[in-house]
Every structure is written in C-alpha cells, then in structure tokens.
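Visitor: One structure coming up, written as structure tokens, with questions to follow.
The values are calculated or read from the model by the stated rules, or taken from the named source; none is laboratory data. These numbers were taken from a predicted model, which means no experiment stands behind them. Ideal geometry is used to build each Cβ from the backbone, glycine not excepted, and the neighbour counts take in all protein chains shown. Remember, those area values only see protein heavy atoms, side chains included, never the ligands or the DNA or RNA. Shrake-Rupley method; radii C 1.70, N 1.55, O 1.52, S 1.80 Å.
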Amino acid sequence: MRDKNEKINSLGLSTLIISLSGSAFWGILTSYMLSKSKNATIISMFIGFILGLIMSKILLSFYNKFPDLSLTNKIKKVYKKLSIPINFIILVISIFIYIFLAYRLSNFLSSQYLIETPSIYFYIMILFLTTYTANKGIETITRVSLITFYTSLIMFIFDFINLIQYIDIKNYLPLITVDYKNILISGIIYALFSTMPLFFITTCKKDLLVDKNRFNKYYFIFYTISFLLVFGTIFVTLGIFGSNLVNMFDYPLYTVLKKIQIFSFIDSIENITASLWIFFTITACSILNLAIFNNIKETFNLSNKNIIYKIIPTIIILIIPKFLFTNNSYTETFSYIKIPIILTIALLIIITITTIILKFKRE
C-alpha cells in the first residue's frame, strides 16, 4: 500500500459512497425491509434518508477534524492507551460487515448462476479479488469505483426505462398496512446500513485529497444518488409485483429484471444488469479490506513489509462464514441480520463519542 505517494480527488473518493451505502440493499436487506414494512417501505426509506443525513453530519465532522490523520490514528489520538481495544472493536465490526456483504453475494452467485457450485468457492474468489485490489491502495480502489459508478448508472437508467411500463399503481395501495413501529424500524435499518459503512472511507486521510474542500459537497451528492438508486429500484419492484408477491422471491430486485427483453427475442438481460450489485459489492469489500489492513498496521505500528497484518485478517474472514452460516441458506441470513444491525449501532456510538471528544482537541 502506497499511502505516502497516493493522491486522489474528492469525486473519486465520493463514488465509494455508492458502493458502501447501497451494496447491502441489493440483497437480503431489501427483502427484510419489504417483509417488515411492505408498501410502506417507500415511506421508511424517506425516514431513513433523513436520519442518514443526520448521521452523515456526525461522520463528516469526524473526517474533517485532523485531516492529516487516518481513521485508526484519530482513535489513537483520542483514546491513547484505550485506543487498542477501541480499534479492535472497529476491526471486528469491519470484518463482519465485509463477511455480511461478500458472503451474501457469493450465495447469490451460487444460487442464481451456478447452482452446483458451493457458495464458498465464490466467497474465496471475492476475498482474493478484494484483497488484491486493497493491496493496490486507495488510488486504485477509487479508479475502480469511478468506472463502476458510471457503468452502474447506465445500467440503472436502462433497467428503469424498460421496467416502468410494467408498473401497476394499484400495487402501491393501500400504502400503510403495517404498524408505525415496523415503518420506523425499516427506516432506521436503512439509515444505519446506508451511512455507517461510509465510516471506513475515513481510512483515507483527508489530506490525500487534492481538492479536500469539495469532499463534503460531493459526499451529500453521492449519498443522495445512492438513495435514489435504491429507492427507485424498490419503487419499481413494488409497483410490478406488489407487497404480497414481492415477499415470495429470495431476490426480488433480481427477479423483476427478468421482465426486460430487447427486440422481443433477447432475454436473460437480468444476468447482465445484476452485475450492478456485483460491482458495488466488490468495490465496497475492497475499501473494507483496506480499512481492515490499515487498522492492524497502524494500531501496532507495523511496516508495509510486515505482511502479517494482511495474512491474519484474510484467514479470519475466510474461516468465520463456515461457523456463522452453517446451513448456507438465504433464509438463514434473516436470523443473523440482527448481528450487523447491532454492529452498526455500536459503530455509530463510537463515532459519535469520538467526534464529540475531537471537537475539544486542538489541531
């Protein structure tokens, strides 16, 4: 990793927001929210977006303070001797978020593309691909992210235009069929998963940005774009399937793509456009991997030549799913979805407390 020589711009770093903020919702989280709040998921997302903007203000306040320090070193500056256990907690959270994203993608690839191939093989491929990308550094990751963003935006527009004709307004009614508690819970889930993973962008020092004064502006632009992408996809899916039918599919956002045809004879377009989720997840896992490596390296002041800080977490990430996902089923993830929710709440608490303390620290 070449931190000292790398220079990136705010646009490139901000595109990571699309991947980190949206990747979780192309899989299990969307199904969970739709089962929880049904048609009112549309309302839940607006609630979550507003809450996410509030959380984003806290995150940006953390990032703006001591721009010459990375995430891990800011924790060291604030907590001194206590920084080791705090950074360890952040490390555990980042590892589990990585597993949550990567394993669900591998399960999707296994169940929808090569059903005879165990998902663990896809998981290993994702792990080594993201490890390789992370090893290239933040500059390479942002370049990949920028390409991913433009490609995915084109695919989204293509899908939206082709699917909007199948929407039935009646499928949105009645809008509220669940209690307000479920609507609020779905909103909080969206806010947590669309915002907290963005914390790991701060593994890149803000001083590395050649135009760091523009980052806050780009942050809110791309956070809004991420919201519109996920909201637009859920809106179309609900409009086509309705709340009852949508919960019958393991991957409703993927299933709805099967309606797309070109020239009435080219089908299976969903296998191409589903790469949007694949691109997002690979990019998100790459920055998470980089954050994991930097956490260990900077906490224990290891040199770049000491590759132990890369080998150990890679082995841990490889082993944990064998114990966490014992049945390798999609529905099993519903049982474990509370784990990442708890972890993102813990991360929010750490960020908030640290940001408050940083306010009183002189630069």
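Visitor: How many residues are in contact with a Phe, Trp or Tyr (Cβ under 6 Å, 6 or more places away or on another chain) and either surrounded by fewer than 18 Cβ atoms within 10 Å (Cβ to Cβ) or among the small types (G, A, S) (or both) when one looks only at the range 140-167?
Guide: Count: 1.
Visitor: Hey, another quick one. Could you look through the range 51-84, keep only residues that are in contact with a helix residue (DSSP H, G or I) (Cβ under 6 Å, 6 or more places away or on another chain) and of a type in the set (D, E, K, R), and pick out the one that is nearest to K297 (Cα to Cα)?
Guide: K76
Visitor: How many residues are open to solvent by less than 90 Å² (accessible area, probe 1.4 Å) and of a type outside the set (V, I, T) when one looks only at the range 77-93?
Guide: Residues meeting the conditions: 6.
Visitor: Which residue pairs have Cβ atoms closer than 7 Å, lie 6 or more positions apart in sequence or on different chains, and pair a first residue in the range 98-126 that is of a type in the set (D, E) with a second residue that is surrounded by fewer than 20 Cβ atoms within 10 Å (Cβ to Cβ) and part of a helix (DSSP H, G or I)?
Guide: Taking only residues 6 or more apart or on different chains, not a single pair turns up.
Visitor: Could you tell me which of the residues L358, L324, L290, L318 is hydrophobic (A, V, I, L, M, F, W, C), surrounded by 13 or more Cβ atoms within 10 Å (Cβ to Cβ) and at pLDDT 95 or above?
Guide: When all the criteria are applied, what remains is L290.
Visitor: To continue, here is another question. Looking at the range 235-247, I want the residues that are within 11 Å of N39 (Cβ to Cβ) and at pLDDT 90 or above and have a partner that is surrounded by fewer than 17 Cβ atoms within 10 Å (Cβ to Cβ) and of a type in the set (A, V, I, L, M) with Cβ atoms under 8 Å, at least 6 apart or on another chain. Which pairs are those?
Guide: As it stands, the answer is G239/I167; G239/I169, since those pairs meet every condition given.
Visitor: What's the number of the condition S194 fails, among (1) in a helix (DSSP H, G or I); (2) open to solvent by 30 Å² or more (accessible area, probe 1.4 Å)?
Guide: The single condition S194 does not satisfy is (2).
Visitor: Between a residue in the range 329-348 that is over 23 Å from S111 (Cβ atoms) and surrounded by 13 or more Cβ atoms within 10 Å (Cβ to Cβ) and any residue that is of a type in the set (F, W, Y) and modelled with pLDDT of 75 or more, which pairs come within a Cβ distance under 6 Å, given they are 6 or more apart or on different chains?
Guide: Every condition considered, the pairs that remain are L343/F96.
Visitor: I need the full set of residues from the range 176-189 which are in a loop (DSSP other than H, G, I, E, B) and either open to solvent by less than 70 Å² (accessible area, probe 1.4 Å) or in contact with a His (Cβ under 7 Å, 6 or more places away or on another chain) (or both), in order please.
Guide: Within the range 176-189, just V178 meets the criteria.
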